[in-house]
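Taking it in order: structure first as structure tokens, then the write-up.
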Amino acid sequence: MFCSIQGDTMPQHKQFKKAIKVSEKARLRNKAAKSKLRTFIKKVRSATSEDQAQELLRGVSSVIDSTARKGIIKKETASRQKSRLSKFVAKLKG
């Protein structure tokens, strides 16, 4: 299947060449989605007022849900992140 040339593996068949392209595209797509998710979470954490944090929390919840639905993060991870962010926003009230 693969031919080893000085440690590098080169696909010898058309289907393996395509598989490498497809997995690379998926990797980049997943990387961008995780980066977007982290950015949104940081925005909520850096919010100063409760109103601002509440507004950002709604946005980040949908981003977390869509990332989990696509299988980029696990369902349990999404739930945990949303719970922690909700707790953080609730603390801003008090």
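Extension gain for Arg45-Ser79 works out to 10.6 nm (0.36 nm per residue, less the C-alpha to C-alpha distance).
Note on His13 and Lys36: the model spin-label points, each 7 Å out from Cα along the C-beta direction, lie 3.5 nm apart. Along each principal axis, taking the top coordinate minus the bottom one, the Cα set of the chain gives 63, 23, 16 Å in descending order. Rounded to whole numbers, the Karplus 3J(HN,Hα) couplings from phi for the range 65-78 are 4, 5, 5, 5, 4, 7, x, 7, 10, 6, 4, 5, 5, 4 Hz, using 6.51 cos²θ - 1.76 cosθ + 1.60 with θ = phi - 60°, and x at Gly and Pro. Counting 0.36 nm for each residue step from Ala26 to Lys91 and taking away their Cα separation leaves a gain of 19.7 nm.
Which of Gln81, Gln52, Gln15 ends up with the largest GNM mean-square fluctuation for the chain, with Cα atoms connected below 10 Å? Checking each option, the largest mean-square fluctuation is seen for Gln15.
Every read-out reported here was derived from the displayed coordinates using simple, explicitly stated rules and does not represent laboratory data. Bear in mind that the values here come from a model prediction, so they are computed numbers and not experimental data. Positions of Cβ are backbone-derived with ideal geometry, glycine not excepted, and every protein chain shown enters the neighbour counts.
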